[in-house]
1. Would you work out if segment 248-450 is rounded, prolate or oblate? Take a ≥ b ≥ c from the square roots of the eigenvalues of the alpha-carbon gyration tensor; rounded if a/c is under 1.5, else prolate when a/b is larger than b/c, oblate otherwise.
2. Please say if segment 450-588 is rounded, prolate or oblate, where rounded means a/c under 1.5 for a ≥ b ≥ c the square roots of the C-alpha gyration tensor eigenvalues, and otherwise the choice is prolate for a/b larger than b/c and oblate otherwise?
3. Beyond a 26 Å Cα-Cα separation, which of these cross-linked pairs lie in this structure: Lys453/Lys544; Lys46/Lys110; Lys19/Lys607?
4. For the chain, with the dipole built from +1 on Lys and Arg beta-carbon atoms and -1 on Asp and Glu ones, taken about the Cα centre, which of Gly70, Val448, Ile266 lies farthest toward the positive end?
5. With all protein chains present and a 1.4 Å probe, how do Lys507, Lys489, Lys367 order by accessible area, largest first?
6. How do the peptides 171-177, 58-64, 206-212 rank, highest first, by the average count of neighbouring beta carbon atoms within 10 Å per residue?
7. Rounding to the nearest 20 debye, state how big the charge dipole of segment 114-268 is about its Cα centre with +1 on each Lys and Arg Cβ and -1 on each Asp and Glu Cβ.
8. Would you please give the residues with an amide H less than 5 Å from that of Gly500, counting only those at least 5 places away or on a separate chain, with H modeled from the backbone geometry?
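The values are calculated or read from the model by the stated rules, or taken from the named source; none is laboratory data. Source: prediction; values computed, not measured. A quick note on method: Cβ atoms are made from the backbone with ideal geometry, for glycine too, and the neighbour counts reach across all protein chains shown. Just so you know, the surface numbers come from the protein's heavy atoms only, side chains and all, with ligands and any DNA or RNA stripped out. Shrake-Rupley method; radii C 1.70, N 1.55, O 1.52, S 1.80 Å.
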Amino acid sequence: MCGIVAYIGAKDAYPILLKGLHRLEYRGYDSAGIALIDNAEIHVHKKAGKVKNLERFVNGSESGSTIGIGHTRWATHGLPNDLNAHPHLSANGSLVMIHNGIIENYGSLKQDLINRGYSFESDTDTEVFITFIEDIQKEGNHPLEDAFRIALTKVIGAYAVVIMSTKEPRKLVAARKGSPLVLGLGEGEFFLASDATPIVEYTNEVIYLKDEEILIINDDHYEIKNLDDVAQSPYIETLDIELETLEKGGYKHFMLKEIFEQPNSIRDCMRGRLNVDTGELVLGGIREYANALANAERIVIVACGTSWHAGLVAEYLFEDLCRIPVEVEYASEFRYRNPVINEGDIVIAISQSGETADTLAAIELAKNKGAIVLGVVNTVGSSIARNSYEGAYLHAGPEIGVASTKAFTAQLTVLTMIALRLAAKKGTITDTKYHELLVELDSIPDKVALALKLNDKIETISDLFKEAQNFLYLGRGYNFPVALEGALKLKEISYVHAEGYPAAEMKHGPIALIDEKMPVVVIATRDSSYDKVVSNIQEVKARKGVIIAIVTEGDELIPTMADFTIEIPATHDYLMPLLSVIPLQLMSYHMAIMRGCNVDQPRNLAKSVTVE
Ligand code: G6P
């Protein structure tokens with residue numbers, strides 16, 4: 001979390017930095033700040049709150065500087081106030097830093113610096129980090145990049161940092177470890193950012209810095225070195241991001257745009273991979289390890305948040321279709337509990353951002369234990385994508401709304417394709433069923449478009465429940481992870497307490513909560529669990545709970561029991577989550593709007609969680 005951006009060139013830096021910060025705001029919005037160098041003087045402006053607060057504060061007072069750095073913060077050390085906002089100056093004001101990450105040994109470094117006469121204005125690890133560099137520079141009379149390199153060998157933790165200095169006002173130095181940093185190569189100008197979104201409108205040539213690489217930009221040339229001061233040969237990549245995908249395109253919020261994009265994003269995800277006529281399913285990113293996957297005795301899925309829910313659906317798919325045992329792990333638990341991983345086990349990491357710190361650490365652990373790591377990732381060139389052996393991209397396009405929507409359905413689509421491909425290779429599926437499922441998968445974008453037509457009805461239902469304080473979401477089988485996802489969506493953007501539960505487990509606890517005030521969303525589509533779910537609905541009704549049921553179109557029974565029914569198109573059990581999640585996404589969106597919440601930037605959350 002935290003977004004960083006920097007510019008050096010001939011243009012006015014302030015508007016470039018500001019626009020970049022708006023693009024990166026999904027990474028954190030506790031505070032925003034910029035620093036510019038003009039006539040060898042550093043100007044720092046920083047403000048608690050969103051980037052627009054900063055913009056109001058600067059109020060057009062900055063123009064003319066052609067070098068600068070900017071930061072949007074998700075607080076880790078210290079309150080989200082003006083003082084703790086980045087950029088941070090060193091003690092004598094000659095250096096200024098922006099930082100994404102956490103310096104774990106900042107406490108001891110700080111104490112040492114205090115003992116030697118330094119004092120600090122903020123509570124941040126970043127102010128300690130930059131002052132530490134100033135101290136090294138002074139003590140050894142080192143040039144900036146040498147002092148920086150020495151400091152990097154002594155700090156413990158994660159960082160993507162950029163530094164400017166009054167003594168060398170046409171220089172930027174930067175480095176990364178654990179947090180992302182991308183360098184954009186323009187004509188006589190350079191851009192640095194946490195991801196490519198602030199860069200794409202200026203250049204499509206980028207370099208993704210690797211861990212423990214140091215970048216030195218000296219006016220119009222750059223070099224990359226490692227921590228041993230040895231020059232590295234960078235790999236220049238060409239970006240493939242359409243600028244329009246980063247804008248709201250007529251929708252009020254990114255979340256709504258992304259919900260409505262799903263017919264297309266699912267289609268994009270299947271494009272060039274699935275051919276119903278020939279029965280081909282090509283996953284170009286999984287070739288070398290395709291046999292290892294087919295022969296695996298076990299698959300472990302690691303992920304966080306919504307991606308973890310996609311992993312739960314995948315567990316059902318892989319076990320059912322491929323007959324391979326699957327475990328789905330929260331990456332944050334997996335990485336700290338000495339898990340049993342055997343040589344040849346397949347670990348699949350699922351991540352929208354490709355930067356989630358816990359997921360990244362989980363795959364490192366898995367690799368060290370001899371597992372084969374495959375990534376199912378949306379962001380091209382992200383750390384998880386690059387640190388996986390092979391994998392499949394989602395191709396869902398940039399997801400900006402903090403609540404994940406189109407990435408979830410794209411994850412389900414990719415995981416279904418992997419499962420079908422694998423089942424065909426292993427012979428655990430009949431030809432007829434394989435073809436039926438290909439045809440059905442191919443029809444999903446059109447069915448999602450039909451489900452989206454329910455928007456008005458869902459808005460009306462949401463209005464009736466906007467004051468409710470608690471919700472229960474129930475589902476069985478493939479719809480159980482969808483119940484978890486529906487509850488998560490409501491919690492994260494509407495701040496309403498919601499719990500997802502396997503419908504049958506309700507009687508072991510949550511049933512005690514049910515009264516006439518408790519809305520219960522039941523996903524009761526026509527699948528193998530249908531009759532059982534009908535019984536669960538009756539159990540809720542017997543306790544006077546209010547039922548909002550998601551049913552398959554044409555269902556005549558459940559509408560006689562439920563208070564409200566939402567009919568979605570029919571599909572196979574395996575694919576139902578791709579449809580049943582749509583009304584739940586829409587309901588959380590409308591409830592959040594009606595409750596006056598900021599749906600794209602919910603409080604306390606960030607889209608890319610690069611701290612553990
Ligand atoms: C954050 C986001 C969630 C996301 C989770 C995992 O909590 O707010 O929307 O599901 O991180 O992120 P990833 O990028 O790894 O899918």
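1. Oblate is the answer for segment 248-450, as a/c is 1.5 or above yet b/c matches or exceeds a/b.
2. In terms of gyration-tensor shape, rounded.
3. Listed pairs above 26 Å: Lys453/Lys544.
4. Going by the Cα projections, it comes out as Val448.
5. Heavy-atom accessible area, descending, gives Lys507, Lys367, Lys489.
6. Details: 171-177: 24.1, 58-64: 11.9, 206-212: 19.1.
Top of the packing list down: 171-177, 206-212, 58-64.
7. On the way: 15 positive and 31 negative charges, 81 e Å.
Dipole size: approximately 380 debye.
8. Tyr473
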